[in-house]
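The values are calculated or read from the model by the stated rules, or taken from the named source; none is laboratory data. All values derive from a computational prediction rather than experimental measurement. Backbone-built Cβ (ideal geometry, glycine too); neighbour counts: all protein chains shown. The protein model used for the area step is the full one, side chains on, heavy atoms only, and it has no ligands, DNA or RNA in it. Shrake-Rupley method; radii C 1.70, N 1.55, O 1.52, S 1.80 Å.
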Amino acid sequence: MNADDFHHQIADRHDKTLIVDFGSQVTQLIARRVREAGVYCEIAPFQSAEKAFLEIRPKAVILSGGPCSVTDEGSPRAPKAIFDSGVPILAICYGEQLLAEQLGGKVEAGHHREFGRADVEAIAASALFDGVWRQGKKYPVWMSHGDRVTRLPEGFKVIAKSENAPMAAIADEARRYYGVQFHLEVVHTPDGAKLISNFVHKVAGLKSDWTMAAFRQEAVKAIRAQVGDGRVLCGLSGGVDSAVAAVLIHEAIGDALTCVFVDHGMLRQGEAEEVVTLFRDHYNIPLHHVEAQDLFIDALEDVEDPETKRKTIGRLFIETFEAEAQKIARDKRGAPKFLAQGTLYPDVIESVSFTGGPSVTIKSHHNVGGLPERMNMALVEPLRELFKDEVRALGRELGLPEAFVGRHPFPGPGLAIRCPGKITREKLDILRKADAVYLDEIRKAGLYDEIWQAFAALLPVRSVGVMGDGRTYDYVCALRAVTSTDGMTADFYPFDMGFLGRTATRIINEVKGVNRVVYDVTSKPPGTIEWE
């Protein structure tokens, strides 16, 4: 059994929804809402949607939004096979315009662009609205469009309108086709998740059988079928993904799993000890702890460019991991035939669905390098169907400690990219201590679980200050904390001044080398949650 067979063994047990992606930056949120409703779904780009539709045989289809205009020549279209199949369709934003245009309606560009919050009024009863929206009532939604439907296809009626979108929601109840101009998937549409649940359950009749308890049982069987009597090597990073993958695989094959933990010296305070204690002592999983701090830090000395840091760490990680794998291969049990990694579904979407290539990166929270072909190992990717929140739920199902499962995301390059400028042991030590104080204050305030990610960064500048009766010339420490529902976009967490004052005082008093603390209050667009 290969990775694709593993995928089908899991997916074929469930009712499925196919999400056709037309390039929206929030398509993954649609999938998350469907999964939250207990229904399995997959995303396919529009270029390969027909193939995906025929392969996975979904019982419902959702057409996503996208940046194009239906009126433009050569703009993306949905496969005719979907319309010929008779399966229910929910079309969102660009998807609604596409649905209307492909079924004989009309879409016009430049009609009252509408971006941001809006109110829509439900003007007709509909299975999509059942138990959620009432006829004659207005509800807040999130709009993002410049085009709009101006003539309905035959069989459709308007079921909701807004000031700038007279056809904000349309329906052909007989064919079970629904289109909405607003974005159901984002949190800014408060009832959006309920409407998506209505579509998959009340309209399409899909079962709520996608749970992490069920997935655990299915994955254990699939891992055993894939691995057989072979050995598996797993690279632990200290992050949630690789940890959950390791515990799941260990449940399936026991001591046929060996973990390698490369300690590159840029982890958070106490993190290496936590990993070793949890996996070697608590779970009794065979673990090789490679203490390579000097190798990595020496190689990074005087390196300032953040991308060079990443590439250096990635190269050394692969070299160190491969050397340890060769040692393991020489023991009496023979060479491992499989490499396990914590690939998640967003990785599959981005690295397989859109590029067509296999997912062949050793994952260290953020990818830091590729798997050398000379290692000649097949991949075991038991989490490749899951989103991050599902991985955390699976970790809890497997009994991983909450402090481990719920920890904030941490990049593979670690503190190296939270220390702009040159890397030195002294600066890493200062940063590690400041970060620990910051996180301790967040936990004491009961805020840790409200925040997606919080960390300290040590800026490459020094500040003159006065402490006691003496003048200091020390580093500036920047604090960052963001909220996020998807890990794609982020907004700063609004700490009160009392919290920031207490935290800054502790850092300055307890961390020698810091005499000034600042708080970063910028919001971040997709992909830029980290400091560098």
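Do the conditions hold for Ala213, that is, is it under 26 Å from Glu385 (Cα atoms) and surrounded by fewer than 15 Cβ atoms within 10 Å (Cβ to Cβ)?
Details: under 26 Å from Glu385 (Cα atoms): yes; surrounded by fewer than 15 Cβ atoms within 10 Å (Cβ to Cβ): yes.
It is true that Ala213 is under 26 Å from Glu385 (Cα atoms) and surrounded by fewer than 15 Cβ atoms within 10 Å (Cβ to Cβ).
Among the residues making up region 288-318, those that are open to solvent by less than 50 Å² (accessible area, probe 1.4 Å) and either outside any helix (DSSP H, G or I) or in contact (Cβ under 8 Å) with a residue 60 or more places away in the chain (or both) are Val290, Ala292, Ile297, Leu300, Val303, Pro306, Lys309, Ile313, Gly314, Phe317. Between Ile285, Ile328, the distinction of being buried (at least 16 other Cβ atoms within 10 Å of the Cβ), within 23 Å of Leu379 (Cβ to Cβ), among the hydrophobic types (A, V, I, L, M, F, W, C) and free of Cβ contacts under 8 Å to residues at least 40 places away in the same chain belongs to Ile285 only.
Within region 170-202, the residues that satisfy the criterion of being open to solvent by less than 10 Å² (accessible area, probe 1.4 Å), modelled with pLDDT of 95 or more and of a type in the set (A, V, I, L, M, F, W, C) are Ile170, Ala171, Val180, Leu195, Ile196, Phe199, Val200.
Based on what the data block shows, is Arg151 open to solvent by 40 Å² or more (accessible area, probe 1.4 Å) and over 26 Å from Ala31 (Cα atoms)? Yes, satisfied. Tell me, please, whether a residue that is touching a residue at least 60 places away in the same chain (Cβ under 8 Å) and either over 19 Å from Val511 (Cα atoms) or assigned to a loop (DSSP other than H, G, I, E, B) (or both) can be found in region 428-444. The answer is no; no qualifying residue exists.
One line per residue, one yes/no per condition, for (1) part of a loop (DSSP other than H, G, I, E, B); (2) among the aliphatic types (A, V, I, L, M):
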| site | (1), (2) |
| --- | --- |
| Ser126 | yes, no |
| Ile170 | no, yes |
| Phe182 | yes, no |
| Ile196 | no, yes |
| Phe215 | no, no |
| Ile223 | no, yes |
| Asp229 | yes, no |
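If we scan region 66-81, do we find a residue that is under 23 Å from the mean Cα position of the chain (by Cα), buried (at least 24 other Cβ atoms within 10 Å of the Cβ) and of a type outside the set (S, T, N, Q)? The answer is no, given that none of the residues of region 66-81 is under 23 Å from the mean Cα position of the chain (by Cα), buried (at least 24 other Cβ atoms within 10 Å of the Cβ) and of a type outside the set (S, T, N, Q). The single condition among (1) surrounded by 19 or more Cβ atoms within 10 Å (Cβ to Cβ); (2) modelled with pLDDT under 90; (3) out of contact with any Ser or Thr (no Cβ under 8 Å at 6 or more places or on another chain); (4) charged (D, E, K, R) that Glu114 does not satisfy is (3).
Can you name the residue in region 220-236 that is farther than 14 Å from Leu339 by Cα and touching a residue at least 40 places away in the same chain (Cβ under 8 Å) and is also most open to solvent (accessible area, probe 1.4 Å) among such residues? Residue satisfying both the conditions and the ranking: Lys221.
Residues in region 376-397 that are closer than 21 Å to Arg224 by Cα and either part of a helix (DSSP H, G or I) or open to solvent by less than 20 Å² (accessible area, probe 1.4 Å) (or both): Val380, Glu381, Pro382, Leu383, Glu385, Leu386, Val391, Leu394, Gly395, Glu397. Reported count of residues in region 449-479, each being farther than 30 Å from Gly406 by Cα and either part of a strand (DSSP E or B) or of a type in the set (Ser, Thr, Tyr) (or both), is 14.
Applying the selection to region 264-282, what residues are open to solvent by less than 60 Å² (accessible area, probe 1.4 Å) and closer than 15 Å to Ala403 by Cβ? Selection gives Arg268, Gly270, Glu271, Val275, Leu278, Phe279.
Could you tell me whether Phe53 is on the phi < 0 side of the Ramachandran plot and at pLDDT 95 or above?
Numbers: on the phi < 0 side of the Ramachandran plot: yes; at pLDDT 95 or above: yes.
Yes.
Only one entry in Glu322, Glu274 is of a type outside the set (A, V, I, L, M, F, W, C), in a helix (DSSP H, G or I) and within 24 Å of Gln226 (Cα to Cα), namely Glu322.
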